[in-house]
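Heads up, the thing below is written out as structure tokens.
The values are calculated or read from the model by the stated rules, or taken from the named source; none is laboratory data. Remember, it's a predicted structure, so these values are computed and weren't measured experimentally. Neighbour counts are summed over all protein chains in view; Cβ atoms, including those assigned to glycine, are modelled from backbone coordinates with ideal geometry.
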Amino acid sequence: MNQPATTRHEPSHEHGTEVGTAAWWSGRHAARVRRRSRPGGITLDAIMDASLRIADEQGLDALTRRAVADRMGLRHTSLYRHVPSRGALLVELVDHVLGQICLPTPGEDWRVGTEAGAREYRRVLLAHRALVPLPARGQLLGPHALRAREHGLGLLTGAGWSAGNAVRIYLTVTHYVVGAVLLDAGRAVHTPDERAAVTGLFASLPPATHPLVTTHSALLGAVDADEEFAFGLRCLLDGIAETRKAR
């Protein structure tokens, strides 16, 4: 999460601490407690809103502190107090986006709530496709990420899952969502024409070497990302529920 969206990885450190790590977030959380808002001053939320518009419209390569400052009509040095580096900007932006997640109603059945949370997490990430690679690059430890984690664990432990299993379930489902979204965002087959081309390719293969692919070419070329995600999530939760029955 702390790397720019380019083919070249650029390490980012602040005061000897790698951006996006637990140690870095500890410092950020402490700074939030100490920092006093200035009347009419620049806020982190305003910076993040401007950053998100740039990322959505132009992609991550266009997202720099200077570009954000230009969008806000400020000098770029004005942002340094809130985002001392581009790495910090990206990490904070991911957490800002996680704040758009509508968490399930407290007290909801653990499975219903976990499924709803997973679908909502996927919806928010896919709404900002430029940011999709970032959650897989670092730990999600910002205030909005921690809010979602607290809620998810509460949903599971409140339903009687042990603390250990609640943590495993939460992380397993979260990792499934992130992996699925990464594949969805990078998937080349989005339009009917592209699906038809894939189906045609499968059908054109020699039946002697690819009998199943050719026979089921129409099915393979018609897979819908939403249906695929729902099927996988259902299977995942079915398996989790079975472990409870087995005990």
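Considering only segment 219-242, state which residues are over 22 Å from residue 111 (Cβ atoms) and among the aromatic types (Phe, Trp, Tyr).
At the first step, the residues of segment 219-242 found to be over 22 Å from residue 111 (Cβ atoms) are 219-225.
Residues satisfying the conditions do not exist here.
With 140, 134 as the choices, which residue is within 11 Å of the chain's Cα centre (by Cα) and more than 23 Å from residue 225 (Cα to Cα)?
None of the other options fit; the residue is 140.
Does any residue of segment 148-156 turn out to be surrounded by fewer than 17 Cβ atoms within 10 Å (Cβ to Cβ), in contact (Cβ under 8 Å) with a residue 40 or more places away in the chain, assigned to a helix (DSSP H, G or I) and touching a helix residue (DSSP H, G or I) at 6+ places or on another chain (Cβ under 7 Å)?
no
Given the criterion assigned to a loop (DSSP other than H, G, I, E, B), within 19 Å of residue 122 (Cβ to Cβ) and at pLDDT below 95, identify the matching residue among 140, 183. If you could, list the steps in order and put the result at the bottom.
Working: 183 fails: assigned to a loop (DSSP other than H, G, I, E, B).
One residue alone meets the criteria, 140.
Quick one: which helices (runs of 4 or more DSSP H) sit completely within segment 15-98 and have at least 3 residues that are farther than 19 Å from residue 137 by Cα, at pLDDT 95 or above and of a type outside the set (Asp, Glu)?
44-58, 65-72
Quick one: residue 242 ticks every box in (1) part of a loop (DSSP other than H, G, I, E, B); (2) surrounded by fewer than 14 Cβ atoms within 10 Å (Cβ to Cβ) bar one, so which box is it?
(1)
Go over the candidates 166, 185, 196 one by one and state the one that is assigned by TED's automatic domain parsing to the domain that holds residue 241 and buried (at least 17 other Cβ atoms within 10 Å of the Cβ).
166 is the lone residue from the list that is assigned by TED's automatic domain parsing to the domain that holds residue 241 and buried (at least 17 other Cβ atoms within 10 Å of the Cβ).
Which one of these is part of a loop (DSSP other than H, G, I, E, B), more than 20 Å from the chain's Cα centre (by Cα) and at negative phi: 198, 223?
Working: 198 fails: part of a loop (DSSP other than H, G, I, E, B).
Unique residue meeting the criteria: 223.
State the number of residues belonging to segment 78-100 that are surrounded by fewer than 19 Cβ atoms within 10 Å (Cβ to Cβ) and either aliphatic (A, V, I, L, M) or within 24 Å of residue 156 (Cβ to Cβ) (or both).
Summing the residues that are surrounded by fewer than 19 Cβ atoms within 10 Å (Cβ to Cβ) and either aliphatic (A, V, I, L, M) or within 24 Å of residue 156 (Cβ to Cβ) (or both) in segment 78-100 gives 2.
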